[in-house]
């Protein structure tokens, strides 16, 4: 988990400085990372609030960006739903893309030892994410032009590092290509809900391809 | 409570619910195979839809010129991710191309 904690340093710093740049106080910026703890959701929320998006549309976007967590929950349901409520709430709260990717081992969460191990991994990632956020907030206050330095490239690179190794089958490849192509199309036409729409199209195309092949 | 605080709390609540919901034992849940398969594509689909605009969208327009450092960096990161499946190589190689091309076209 340490490589991932370090790898999201630019992402965390970007988020912190962006929150300041978009007019949030340092306390609000830190609160995002303390209670939401999801880079993608936090970034999207900050952008949408800055664009004065209606509250309901904003919540819907948060739900869409967060919806992949449903999948993680489904995958881990067999192992975690029988654990005590404290484990479920604790590990549920810590279930980032990174922790999920990290916990793909077949015996993950299968014993007390494995549970504490996951708690350590997820917990250290949480602490790191909050430190990086705080650094970004300080940097954002000190150097208001920080976001011009291209830190957002780091966000793209982290997501590329999470997506590309998952592209192991033709349906997943089709899903990613369809999502990419439609997101470009929506960008071109300035469609506001492009993120939701292209994710939906990507999922449908991947699913369609899977059906065709089976 | 300020509107901003309400927003942050609401988004935090939604995010937590998406993480916790299916870990709840009492949830009488049977998801059909269609939904399950559809959901299995949600990770790559959503993450791609987030990173593509970062690479292509600069200064409020789509930029597909050779001077777009984000695109070069993206190609580098994708190549490195495909070859190595390692997050450091992905960020490192993509980052070097991104910074290199950025410097080249700005000096």
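Hey, with R₀ at 45 Å, roughly what FRET efficiency would residue A:52 and residue A:124 work out to, going by the Cβ-Cβ distance, to 0.05? It comes to 0.80. Taking other C-beta atoms within 10 Å as the exposure proxy, A:172, A:82 rank A:82, A:172 from fewest upward. The range A:1-50 and the range A:109-126 have Cα centres spaced 23 Å apart. Sorted fewest first by neighbouring Cβ atoms within 10 angstrom, A:126, B:104, A:207, A:72 come out as B:104, A:126, A:207, A:72. Helical runs (DSSP H, four residues minimum) scored at -39500 (n - 2.57) apiece and divided by the length of the protein assembly as shown put the mean residue ellipticity at 222 nm at -23500 deg cm²/dmol. Per residue, the average separation of C-alpha pairs within less than 8 Å and at least 6 apart gives chain A a relative contact order of 30 percent. One Cα centroid belongs to the range B:55-73, the other to the range A:85-103; the line between them spans 35 Å. Here B:40, A:182, A:198 are placed in order of increasing Cβ neighbour count within 10 Å, fewest first, which gives B:40, A:182, A:198. Seen against the Cα atoms of chain B and their longest principal axis, helix B:3-20 is set at about 70 degrees. Which of rounded, prolate or oblate describes the protein assembly as shown when judged by the alpha-carbon gyration tensor and an a/c cut-off of 1.5? The shape class here is rounded. Between helix B:87-106 and chain B, what is the angle of the helix's C-alpha long axis to the longest principal axis, kept within 0 to 90° and rounded to the nearest 10? Between helix and principal axis, roughly 40 degrees.
Read the figures in this text as sums done on the coordinates, not as results from a lab. A quick note: this is a predicted structure, and the numbers were derived from the prediction, not measured. Virtual Cβ from ideal backbone geometry, glycine too; neighbours counted across all protein chains shown.
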